[in-house]
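For reference, the structure is listed below as structure tokens.
The values are calculated or read from the model by the stated rules, or taken from the named source; none is laboratory data. Keep in mind it's a predicted model, so treat the numbers as computed, not measured. Methodologically, a virtual Cβ is constructed for each residue, glycine included, from the backbone with ideal geometry; neighbour enumeration extends over all protein chains shown.
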Amino acid sequence: MTPRKLRIVADENIPALEALFADIGEIKTYPGRHITHSDLVKADVLLVRSITQVTAELVANTPMQFVGTATIGTDHIDEAALKALGIGFSSAPGCNADAVVEYVLSCLLHLAAEQSFSLHEKTIGIIGVGQVGGRLASRLRALGLSPLLSDPPRQKREEGETFVSLDELLASSDIICCHTPLTQTGDDPTWHLLNEQTLQRIRAGSILLNAGRGPVIDQQALLARMKGANDLTLVLDVWEHEPVVLADLAAYVRIATPHIAGYSLDGKIRGTWMLRNALANALGFSPPLPLEHYLPVADARELKLEAQADVLLPVRLLYDPYRDDRALRQTLLLETAEQAIAFDQLRKLYPVRREFSTLTLVVSSPVQATYLESLGFRVALE
Ligand SMILES: NC(=O)C1=CN([C@@H]2O[C@H](COP(=O)(O)OP(=O)(O)OC[C@H]3O[C@@H](n4cnc5c(N)ncnc54)[C@H](O)[C@@H]3O)[C@@H](O)[C@H]2O)C=CC1
Ligand SMILES: O=C(O)C(=O)[C@H](O)COP(=O)(O)O
């Protein structure tokens, strides 16, 4: 028997909704920040991204059977409430992890060029070694680097990987990358993990990058350090009170972006596709076609590189963080309410960005080939 069509309510910013859900449901879309209980009184399925707070009040007393978030982070979802209400739930673990890794690599390679250093001279510390932090560590290792890793939950569970304490990582790293989820409870909460005390452990001259969640860093404490010493290079993709950006802090940030580290088209469509899979499993619908079916062909698929070509050439072609930095800065002179709207608009109208693996680089040198492959590009030796 064919199941009846589902009534699906979704965030209007979820790509490929029609392609992935039209065969099984009637889809109604709304702005993610404004989905209300009354929008859900006749809904079987709710599909969100990170800006919809999914609480018991939102979904109770509706026919809701399944909630999905096309994101990695789940701090906007009251999972316990969904469980208590008997509503199925899925996120999209790892969907845009490669995009975040490529954001980090591009930012670091741009800073290396500006500040005339090589990543090989630096100690890189990764806080939170899951899908994003773990893949970042793998790519750095492939490049010949040995990142320091801090992840107490994994450290308690696992043997084999070598972890260091947060204090050791902060004191020993030249470059610190934060990739934890946002948690307020449990043994290792991450809210304000970097606060007045812990921020003091970071050495002058270090690079601090956060592409996890804004409140993992106490932004007033960070602002105080920068106002006092102005001795860090900051890369912030996430902010403590999004969509509001603290302009005083942004003034000290070298690369400031509007929570778009994970915004590759590949990552976003992968997230939607993973939800269709999860929904199929949960409610007994047919699975989608393979992911490739829903991904458009990339505009730039092949590039021939000269032996001496700067690595920034292909990196910047696929992702230039300063484009996003400039766009965000243009909004920072606005009044708070308008700035917040502009932040959401930058994300809603985000240009197409493809992952490194969509581009084949044609090179003649095996050394160059290995390096570019380690960064995540496809490589063909001519
Ligand atoms: N800026 C952006 O566009 C994006 C941001 N994110 C954020 O990045 C976070 C991480 O993503 P994934 O790596 O995919 O998640 P994940 O769940 O695979 O990994 C998170 C890791 O952090 C570790 N962790 C938890 N508490 C910790 C603590 N106190 N100290 C150190 N490590 C701790 C966990 O044990 C886990 O290994 C997401 O939860 C999300 O909030 C994810 C995608 C895009
Ligand atoms: O996947 C996550 O977690 C993220 O942070 C997303 O990239 C956030 O994107 P939106 O859901 O806010 O569009």
Condition (residue is within 16 Å of ligand 1 (Cβ to nearest atom), in contact (Cβ under 8 Å) with a residue 24 or more places away in the chain and in contact with a helix residue (DSSP H, G or I) (Cβ under 8 Å, 6 or more places away or on another chain)) applied to the stretch 30-48: is it met by at least one residue?
yes
Just need a number here: residues in the stretch 64-111 that are under 30 Å from Leu372 (Cα atoms), within 16 Å of ligand 1 (Cβ to nearest atom) and not small (Gly, Ala, Ser).
14
When residues of the stretch 120-131 are limited to those that are touching a Gly at 6+ places or on another chain (Cβ under 8 Å) and in a helix (DSSP H, G or I), the one surrounded by the most Cβ atoms within 10 Å (Cβ to Cβ):
Gln131
If only one of Ala81, Ala137, Ala92 is hydrophobic (A, V, I, L, M, F, W, C), outside any loop (DSSP other than H, G, I, E, B) and buried (at least 21 other Cβ atoms within 10 Å of the Cβ), which one is it?
Ala137
Answer yes or no: is there a residue in the stretch 233-250 that is free of Cβ contacts under 8 Å to residues at least 12 places away in the same chain and either within 10 Å of ligand 1 (Cβ to nearest atom) or assigned by TED's automatic domain parsing to the domain that holds Ile72 (or both).
no
Report every pair of residues separated by at least 6 positions or lying on different chains whose Cβ atoms are under 9 Å apart, first residue within the stretch 212-229 and within 12 Å of Asp248 (Cα to Cα), second among the hydroxyl-bearing types (Ser, Thr, Tyr) and away from ligand 2 (no atom under 16 Å from the Cβ).
Leu222/Tyr252; Leu223/Tyr252; Met226/Tyr252; Lys227/Tyr252
Filter the stretch 59-78 down to residues that are farther than 24 Å from His179 by Cα and either in a loop (DSSP other than H, G, I, E, B) or in contact (Cβ under 8 Å) with a residue 40 or more places away in the chain (or both), then give me how many there are.
7
Conditions: (1) exposed (fewer than 15 other Cβ atoms within 10 Å of the Cβ); (2) out of contact with any Ser or Thr (no Cβ under 8 Å at 6 or more places or on another chain). Ala280 meets all but one. Number of the miss?
(2)
Within the stretch 101-112, is there a residue that is more than 23 Å from the chain's Cα centre (by Cα) and surrounded by fewer than 22 Cβ atoms within 10 Å (Cβ to Cβ)?
no
When every residue in the stretch 147-197 that is of a type in the set (Val, Ile, Thr) and buried (at least 16 other Cβ atoms within 10 Å of the Cβ) is compared, the one farthest from ligand 1 (Cβ to nearest atom) is Ile175
Answer from Leu182, Leu193, Leu166 - the residue that is touching a Phe, Trp or Tyr at 6+ places or on another chain (Cβ under 9 Å), farther than 21 Å from Arg254 by Cα and at pLDDT 95 or above:
Leu182
